[in-house]
Amino acid sequence: MDATAVIGSAATVLSFLTFVAIVAWAYSRRRQRQFEDAANAPFALPDDGGPLDAPAAADGPGARR
């Protein structure tokens, strides 16, 4: 077995263990509240006053008379 095969195998095992550690961290119960807060953060911002927030114009197109 040459050095290249050993280094390649070690890198594969290390990468897999890193992946498993990240998945375990992401699904741990200690982080659940922080992830829920981060997921709901966009909804906690005030409205930006965009076109969907503007009131309908009384004289604009499509106005009923």
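The values are calculated or read from the model by the stated rules, or taken from the named source; none is laboratory data. Computed from a predicted model, the values in this text were never measured in an experiment. Positions of Cβ are generated from backbone atoms using ideal geometry, with glycine treated the same way; all protein chains shown enter the neighbour counts. Surface accessibility is based on the protein's heavy atoms, side chains included, excluding ligands, DNA and RNA. Shrake-Rupley method; radii C 1.70, N 1.55, O 1.52, S 1.80 Å.
Just to confirm, what accessible area per residue do you get for the stretch 1-50 at 1.4 Å probe, in whole Å²?
Details: 4620 Å² over 50 residues.
Ligands and nucleic acids excluded, the figure is 92 Å² per residue.
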Check: Once phi is turned into ³J(HN,Hα) by the Karplus curve 6.51 cos²θ - 1.76 cosθ + 1.60 with θ = phi - 60°, what whole-Hz value does each residue of the stretch 24-35 show in order, with x for glycine and proline?
Finding: 5, 5, 5, 9, 6, 5, 5, 9, 4, 5, 5, 5
Check: So for the pair PHE19, ASN40, with labels modelled 7 Å out along Cα→Cβ, what separation do we get in nm?
Finding: 3.3 nm
